[in-house]
Amino acid sequence: MGEGDGAPRPPHDIAHWAPAVTPAGVFRLVPVRREADLPLLTAWMNDPVVDAFWELAGPAARTAAHLAAQLDGDGGSVPCLGVLDGVPMSYWEIYRADLDPLAAHYPALPHDTGLHLLIGPANHRGRGLGTLLLRATAGLVLRHRPRCPRVVAEPDVRNAPSVAAFRAAGFRAAGEIALPGKRAALMLRERRPPAGVRP
């Protein structure tokens, strides 16, 4: 199914995306399976480092409700596991930013695609993997969604490692925006950088 009608692409679409080969290994996005992946995601959400920005610590029901809002929705946001060399090690949300409430806070373009990311296991943090995987995932989005003009992210400005990872992955800072519950850095990775802007 294509994007010609302007509707969000279905969740199974990402399941068919080719993997990305990175210096850290082969990386693949795998749509979340509600029951099978819930224990792992709940454990990650209860890590204090993750909870500081995701605020989803608590029983499995809380994580399940967060997933259900996407899995039972219109397909505009797809929750995925990031699997590196066969090992689930990150959680992603790939969403239509132009159809999201975020669009009210920045000059959205049709088919803008947003990213949310967390790296789950502590032993995968602080090794530069965030930068590698952000670069790889942005590349996957732009390759498989040809109508997407840019990839959008809005990390909390207090999360300096995340903002730095986006910059190192080729995103540019486009200012700060006030969102419910946080002040965010608007980060953009354009398919074609604006004139005079270095990627």
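The values are calculated or read from the model by the stated rules, or taken from the named source; none is laboratory data. Everything numeric in this text was worked out from a predicted model, so none of it was measured. Methodologically, a virtual Cβ is constructed for each residue, glycine included, from the backbone with ideal geometry; neighbour enumeration extends over all protein chains shown. The accessibility values were calculated without ligands, DNA or RNA, using every heavy atom of the protein model including side chains. Shrake-Rupley method; radii C 1.70, N 1.55, O 1.52, S 1.80 Å.
Whenever you get a sec, line up 35, 176, 154 from highest to lowest accessible area (probe 1.4 Å, protein heavy atoms).
Result of the area sort, largest leading: 35, 176, 154.
In square angstrom, rounded to the nearest 10, how much accessible surface does residue 74 have for a 1.4 Å probe?
Result for residue 74: roughly 120 Å² accessible.
Need the full-extension length gain, residue 26 to residue 46, defined as separation in residues times 0.36 nm minus the C-alpha distance. One decimal, nm.
4.5 nm
Rounded to the nearest 0.05, what FRET efficiency is calculated for residue 35 and residue 116 with R0 set to 25 Å and r the Cβ-Cβ distance?
0.70
Treating the beta-carbon of each Lys and Arg as +1 and of each Asp and Glu as -1, no other charges, what is the dipole magnitude of the chain about its Cα centre, to the nearest 20 debye?
Value, rounded to 20: 780 debye.
Can you give the calculated 222 nm mean residue ellipticity of the chain, where each DSSP H run of n ≥ 4 adds -39,500 (n - 2.57) and the sum is split over every residue, rounded to the nearest 500 deg cm²/dmol?
-9000 deg cm²/dmol
Under the 0.36 nm per residue contour assumption, what length would be gained going from the current alpha-carbon distance of residue 173 and residue 147 to full extension?
7.1 nm
How much length, in nm to one decimal, is gained on full extension between residue 104 and residue 160, taken as 0.36 nm per residue of separation minus their Cα-Cα distance?
Additional length available on full extension: 17.7 nm.
Excluding ligands, DNA and RNA, what is the solvent-accessible area per residue of the chain at a probe of 1.4 Å, expressed in Å²?
Value returned for the chain: 47 Å² of accessible area per residue.
Which of the helices in the chain, when you take each full DSSP H run, stretch at least 18 Å along the axis at their Cα atoms and have an average Kyte-Doolittle score of 0.5 or higher?
For the chain, where a helix must reach 18 Å along its axis and average at least 0.5, the hits are 129-144.
Over segment 1-128, what percent of the accessible surface lies on carbon and sulfur atoms, probe 1.4 Å?
It is 62 percent, rounded to a whole number.
Show me, bin by bin at 10 Å from 0, the whole-percent P(r) of the chain based on Cα pairs.
All Cα pairs, binned at 10 Å, distribute as 9, 37, 41, 13, 1 percent.
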